[in-house]
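Taking it in order: structure first as structure tokens, then the write-up.
What follows draws every value from the coordinates through simple rules; no lab data is involved. Note that the structure is a prediction, hence the values are computed from the model and not measured. A quick note on method: Cβ atoms are made from the backbone with ideal geometry, for glycine too, and the neighbour counts reach across all protein chains shown.
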Amino acid sequence: MTEHQKKVNLIINNIEKTFIGKRDVINMLMITCLARGHVLIEDVPGVGKTSLANALAKSFDSSFKRIQFTPDTTPSDVVGFSMYDSKISEFIYVEGAVLNNIVLADELNRTSPKTQSALLEAMQDGKVTVDGTTHEIPQPFMLIATQNKAEQFGTYPLPESQLDRFMIVMSIGYPDELSAIKIVEGAKKETIVDKVASNKDLIELQDVAENVYMDTKISQYIVKIAIATRNDRLIETGVSTRGTLLLARAAKSKALIEGRDYVIPDDVRYLINPVLAHRLILSREGLTKHSKPTEILSDIVKQIPVPEFNK
């Protein structure tokens, strides 16, 4: 086990102290975090979305802010606003909630498209512009957004441009029976999540993940999958260039978590659905057949030869 893998495992184990029985979910969150991405969690209420985000932030010396989105949440709540200070006779900038290391955007689909779009610059460039002045978001920066599957009335579906900026879309799901019992039994106990790494450590791990080796065959494999989605009759809009880049970055992070300094095809295959499925817009034929993006991706991947390497 490498030193970097030990450090990542320490963080994952720390989060698991309060988020029990879902190590695969924690791994997916860490993959996104190490790849400098953002994650959207689609699930029913009460499965621990807030606890997961809070535990990640507490594992570092990171600033954390939760935004509870409602129909009356405004863009200024997100990015901040300028206010006139009569004492100094100047306008001063009042920071918005997004000016933190880890931001939980809770029930993002309950707010208006105008407010949703206020997050776009922050997600893409790590900065916000208010009244013509640009403000840098402190690094590292990660947005964890949630939306409830069951709630349709009074919601605003995220537009494709917003969805495309999320590296990973995933669900948490209910815990298994044994994990649920542990959660119930530990409900009265206060489990403290320790700070086990610094923001500097996280940035270092992100730099290491970025430099994980990816062979040209792996890059070609990713591009072939993307091209196949663009040519499939069941798909109106296939995987974007951004999608291929994010899949590559996520695969590198997964390799780091597993203690490798190189990517293997299984890293890519493991991440195809969470990274690519939400980027597909189905054609009329696809919708008529009630096809699911994950099913179509599965069929596409089966038709593309997996890269082989000499042992």
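Full extension of the segment from Arg230 to His135, taken as 0.36 nm per residue of separation minus the current Cα-Cα distance, would add 30.5 nm.
The simple Förster model, with R0 at 35 Å and r as the Cβ-Cβ distance, assigns Glu204 and Asp266 a FRET efficiency of 0.85. For region 138-143, the Karplus equation 6.51 cos²θ - 1.76 cosθ + 1.60, evaluated at θ = phi - 60°, returns couplings of x, 9, x, 10, 9, 9 Hz by residue, with Gly and Pro reported as x. Each of Met123, Met83 has some number of other Cβ atoms within 10 Å of its Cβ, and from fewest to most they run Met83, Met123. Site-free segments of the chain were taken between chymotrypsin sites (Phe, Trp or Tyr not before Pro) in DSSP loops having at most 14 other Cβ atoms within 10 Å, sites themselves excluded; the longest one is 154-308. Placing a pseudo-label 7 Å from each Cα along the Cα-to-Cβ vector at Arg284 and Gln220 gives an inter-label distance of 3.8 nm.
So which of Lys65/Lys195; Lys17/Lys58; Lys6/Lys254; Lys65/Lys254 end up more than 19 Å apart, counting from Cα to Cα? Lys65/Lys254, as the Cα separations exceed 19 Å there.
Set the Förster radius R0 to 30 Å, insert the Cβ-Cβ distance between Asp176 and Glu295 as r into 1/(1 + (r/R0)^6), and round the FRET efficiency to 0.05.
0.75
Taking 0.36 nm per residue of sequence separation and removing the Cα-Cα distance, the Asn310/Thr74 pair yields an extension gain of 79.4 nm.
What the phi angles of region 171-176 give under the Karplus curve with 6.51, -1.76 and 1.60, with θ = phi - 60°, is a coupling list of 10, 9, x, 6, x, 6 Hz, glycine and proline written as x. Computed from Cα atoms alone, the Kirkwood hydrodynamic radius reported for region 1-143 is 16.5 Å. GNM remark for the chain: springs join alpha carbons under 10 Å apart, and the peak mean-square fluctuation among Lys254, Lys17, Lys127 falls on Lys17. Local charge for Ile300 was computed over the other residues whose Cβ lies under 14 Å away, with Lys and Arg +1 and Asp and Glu -1, and equals +4. Both radii come from the Cα set of region 103-242: Rg as radius of gyration, Rh as Kirkwood radius; their ratio Rg/Rh reads 1.02. DSSP bridge analysis restricted to the chain gives an antiparallel fraction near 40%, rounded to the nearest 5. Note on the chain: with a GNM built from Cα contacts shorter than 10 Å, the maximum mean-square fluctuation among His290, His38, His135 falls on His290.
In this simple spin-label approximation, Ser89 and Lys195 carry label points 7 Å from Cα along the Cα→Cβ vector, and these lie 4.2 nm apart. Along its first, second and third principal axes, ordered by size, region 67-117 spans 39, 23, 15 Å in Cα coordinates. Taking a ≥ b ≥ c as the square roots of the eigenvalues of the Cα gyration tensor, region 169-237 is classed as oblate, since a/c reaches at least 1.5 and a/b does not exceed b/c. His135: net charge of surrounding residues, Cβ under 10 Å, Lys/Arg +1, Asp/Glu -1, itself excluded? That works out to -1.
Comparing region 212-303 with the 2.2 N^0.38 Å rule of thumb, its C-alpha radius of gyration ratio is 1.10 (two decimals).
Across region 236-248, rounded Karplus estimates of 3J(HN,Hα) from the backbone phi angles (6.51 cos²θ - 1.76 cosθ + 1.60, θ = phi - 60°) give 7, 10, x, 5, 7, 4, 4, x, 5, 5, 5, 5, 5 Hz, Gly and Pro being marked x. Under 5 Å from the amide H of Lys127 lie the amide H atoms of Ala122, Ile137, each residue being 5 or more positions distant or on a separate chain, with H modelled from the backbone and absent for Pro and chain starts.
For the residues Asp125, Asp267, Asp43, a GNM of the chain with alpha-carbon springs under 10 Å puts the largest fluctuation on Asp125. Computed over the Cα atoms of the chain, the ratio of the radius of gyration to the Kirkwood radius (Rg/Rh) comes to 0.98.
Take the chain and mark each of the GluC sites (Glu not before Pro) that is in a DSSP loop with at most 13 other Cβ atoms within 10 Å; the longest unmarked stretch, sites excluded, is 1-150. Here the label points at Arg242 and Arg66, each 7 Å from Cα along the C-beta direction, are separated by 2.8 nm in the simple model.
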